[in-house]
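Down below is the structure, laid out as structure tokens.
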Amino acid sequence: MEVVIMDIELKYRIVEKIIQSNDDTLLNEIKSLVGLSEGDFWGDLPVEVQKAVNKAKAELDRGEGVPHDQVMAEMKARYLNR
């Protein structure tokens with residue numbers, strides 16, 4: 001019976017922290033975790049992650065990336081041919 005009481009207390013403490021939070025990143029992560037995200041997840045990603053993805057896409061557009069086949073061949077040679 002105590003496990004149930006502890007679970008309820010824990011839930012109330014979590015809800016209280018969520019209500020008091022002003023951290024958009026945390027709230028977006030919780031929203032995603034509990035399945036409340038709708039449609040595209042891009043807006044739920046932290047700004048730093050969005051910037052990193054956009055930078056990587058720009059590098060690929062400039063031809064600075066490494067083709068998938070080449071990466072896979074290098075990884076197989078490095079880790080599977082021992």
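At full extension, S21 and V66 could sit 12.1 nm farther apart than now, given 0.36 nm per residue minus the alpha carbon distance. The distance between label points at R13 and E59 comes to 4.2 nm (points 7 Å beyond Cα on the Cα→Cβ vector).
Values quoted throughout were computed directly from the atomic coordinates according to the rules given, and no laboratory measurement underlies them. What you are looking at is a predicted structure, and each value in this text was computed from that prediction instead of being measured. Positions of Cβ are backbone-derived with ideal geometry, glycine not excepted, and every protein chain shown enters the neighbour counts.
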